[in-house]
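Below is one structure, written out as structure tokens; comments come after it.
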Amino acid sequence: MTKLGKGLQSLIPPRQKATEVDYPKLSQPPRERKESIFDIDVNKIKANPFQPRYEVEESSLKGLADSIKQHGILQPLIVTKFTKDNSRGQAVEYQLVAGHRRLRAAEMAGLPRVPAIIRDSTDQQRLELALVENIQRADLNAMERAQAFRRLQEEFDLTHDEIAKKVGKSREFVSNTMRLLNLPDSVQQSLRQARISEGHARSIAGIKNPAAQMALFDEIIQNNLSVRQVEQRAREIYVQAHKRQVAFDPEIKKIAQKIELALGKKVQIRKSGVGGRVMIDFESKKDLEALADKFVR
């Protein structure tokens, strides 16, 4: 009886002990409980079509692969399980949700299997989780982050404020990041290639005129301007453009001339949105008091 018991035990593999882990909150989380980690064949895991990252440095990937060879994968991937019909019936496949770099590095290291959490998820949740993971690890460049934000906005009708809450950033951060998508293609490409920084790009994006944007971009490249220098140049360009706008506005010019005739002083009008400022020149304190008397009559 004892031998038979041992024989049956040898035929039935022991139940796998699962490690329980917590996972980040998403919109409408698939389930509010801890999840198990399983070893899954690398060749059964397909790429995540919602992965916001497009570029991975081979040098950093090789460093991660070397670390994985020595220590293994310390944080499990997250995948979604699918069944697929084939000639033999059904086959199981997995789609990657989070862990893009770890999967590529595992393939580079020659690992046959990787630890992963199996989770049901919607398209939106797959994009959100991949985006959050990369932002937390600072793995996305600014253009990849901007494009991911745009997908959340356009495909899932999320506002800038809702996106900000999901990724743990401010609404201003999301809005300023998405403004980078309006930059000329050559500026966007230079940002992807790290020829300019995100700070440079944001200053360029603050200029409305495309020709002025390209002029400032060329100045950055040619003179190797710092972010602070570019911010100053952007302010100067804005002031110059604003002055030209007022100078060419015949209605504003006519109003300024009317005020000048009434006061006998040089008057400048600066527009700002629907409002603006009126500036009146004076030569001395006595001159200013005379002006004040005209206003309070």
### Task
Read phi for every residue in the stretch 174-186 and hand back ³J(HN,Hα) as whole Hz from Karplus 6.51 cos²θ - 1.76 cosθ + 1.60, θ = phi - 60°, with x for Gly and Pro.
5, 4, 5, 5, 5, 5, 5, 5, 8, 6, x, 4, 5
#### Entry: Ile221 versus Val239: modelled label distance in nm, points set 7 Å from Cα along the beta carbon direction
2.8 nm
### Message
When a/c reaches 1.5 or more, the comparison of a/b and b/c decides; with that in mind, is the stretch 141-297 rounded, prolate or oblate per its Cα gyration tensor?
### Response
prolate
#### Entry: Note, ³J(HN,Hα) from phi for the stretch 187-199, Karplus 6.51, -1.76, 1.60, rounded to Hz, x at Gly and Pro
5, 4, 5, 5, 5, 4, 8, 6, 6, 10, 8, 5, x
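Expressed in nm to one decimal, what extension gain is obtained for the pair Arg195 and Arg270 from 0.36 nm per residue of sequence separation less their Cα-Cα distance? Can you show the working numbers first?
Values: separation 75, 0.36 × 75 = 27.00 nm, distance 3.63 nm.
Answer, rounded to one decimal: 23.4 nm.
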## Note on the structure
Lys and Arg at +1, Asp and Glu at -1: neighbours of Asn43 with Cβ under 11 Å from its Cβ sum to 0
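DSSP loop trypsin sites (Lys or Arg not before Pro) in the stretch 85-123 with at most 13 other Cβ atoms within 10 Å of their Cβ, which ones?
Details: sites: Arg88, Arg101, Arg102, Arg104, Arg113, Arg119; in loops: Arg88, Arg119.
When the trypsin sites (Lys or Arg not before Pro) of the stretch 85-123 are filtered for loop state and at most 13 Cβ neighbours within 10 Å, Arg88 remain.
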### Message
Please compute the contact order of the stretch 197-244 in relative form: average sequence separation of alpha-carbon pairs under 8 Å and at least six residues apart, divided by the residue count, as a percent.
### Response
44 percent
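Read-outs throughout are calculated quantities, based only on the coordinates presented, and are distinct from any laboratory measurement. Source: prediction; values computed, not measured. Neighbour counts run over all protein chains shown; Cβ positions are idealised from the backbone, glycine included.
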